[in-house]
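Asker: Please read through the structure below; I'll follow up with questions.
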Amino acid sequence: MTEIDIYFKFLIAVIKADGKIEQEEKDFVINSAKTLGLSDDFINELEDRIVKEDIGIEQLYQEIFDKSDLSFTINLLKDGYALAKSDGNVDYRQLDILKNMMKSHSNYSDLLFDELIGWCEESLYLKNVGLELITTIVEA
């Protein structure tokens, strides 16, 4: 499984964790695929996968642990959190997907995880501030 496969499977797992698929969440995943320059065929298939795919989450955690590096793990955590928050509410089941991914690492602690989530929240805030600033400059 490639990092692209792992990335989108992980995002789909986050979307489905709370038992509902919100439009904002679907838009987040599709925009992520477009930002990566993935083909229209991939994006169309991805839209279908969001609705239909069942994720074997334990196997996915193992794939993440086996194949990803620190940078990729950071992106999964940060983007998974941003996705969970995209509908305005981070459900505890979505947070559990993120937490369980991090638990596969030997130095995991709930305190460190809480600090990581705080970092994700700050990162998302700064991204939004930057987006507003850039939008102001571009639209001026």
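Asker: Before we move on, is residue 99 within 13 Å of the chain's Cα centre (by Cα) and among the basic types (Lys, Arg)? Write out each step before concluding.
Answerer: Values: within 13 Å of the chain's Cα centre (by Cα): yes; among the basic types (Lys, Arg): yes.
Yes; evaluated as a whole, the condition is true for this residue.
Asker: Evaluate the following for residue 19: is it in contact (Cβ under 8 Å) with a residue 40 or more places away in the chain and exposed (fewer than 12 other Cβ atoms within 10 Å of the Cβ)?
Answerer: Details: in contact (Cβ under 8 Å) with a residue 40 or more places away in the chain: yes; exposed (fewer than 12 other Cβ atoms within 10 Å of the Cβ): yes.
Yes.
Asker: Name the single residue that is modelled with the highest pLDDT among those in segment 1-35 being outside any helix (DSSP H, G or I) and of a type in the set (Gly, Ala, Ser).
Answerer: At the first step, the residues of segment 1-35 found to be outside any helix (DSSP H, G or I) are 1-2, 17-22.
Restricting the remaining residues to those that are of a type in the set (Gly, Ala, Ser) gives 17, 19.
On the way: 17: 95, 19: 91.
Taking the candidates together, the pick is 17.
Asker: Please pick out the residue among 39, 123, 86 that is loosely packed, with under 12 Cβ neighbours inside 10 Å and either at pLDDT 95 or above or among the polar types (S, T, N, Q) (or both). Full working, then the answer.
Answerer: On the way: 123 fails: loosely packed, with under 12 Cβ neighbours inside 10 Å; 86 fails: loosely packed, with under 12 Cβ neighbours inside 10 Å.
Within the list 39, 123, 86, the selection yields 39.
Asker: Which of (1) part of a helix (DSSP H, G or I); (2) under 16 Å from the mean Cα position of the chain (by Cα); (3) under 22 Å from residue 117 (Cα atoms) is the odd one out, the single condition residue 46 does not satisfy?
Answerer: Residue 46 satisfies every listed condition except (3).
Asker: Restricting to segment 63-78, count the residues that are in contact (Cβ under 8 Å) with a residue 40 or more places away in the chain, assigned to a helix (DSSP H, G or I) and not acidic (Asp, Glu). Break it down stepwise before answering.
Answerer: From segment 63-78, those in contact (Cβ under 8 Å) with a residue 40 or more places away in the chain are 63-65, 67-68, 72, 75-78; that's our starting set.
From what is left, the residues that are assigned to a helix (DSSP H, G or I) are 63-65, 67, 72, 75-78.
Cutting the leftovers down to not acidic (Asp, Glu) gives us 64-65, 67, 72, 75-78.
Of the residues in segment 63-78, 8 are in contact (Cβ under 8 Å) with a residue 40 or more places away in the chain, assigned to a helix (DSSP H, G or I) and not acidic (Asp, Glu).
The values are calculated or read from the model by the stated rules, or taken from the named source; none is laboratory data. Quantities reported herein were computed from a predicted structural model and do not represent experimental measurements. FYI the Cβ positions are ideal-geometry reconstructions off the backbone, even for glycines, and counts take in every protein chain you see.
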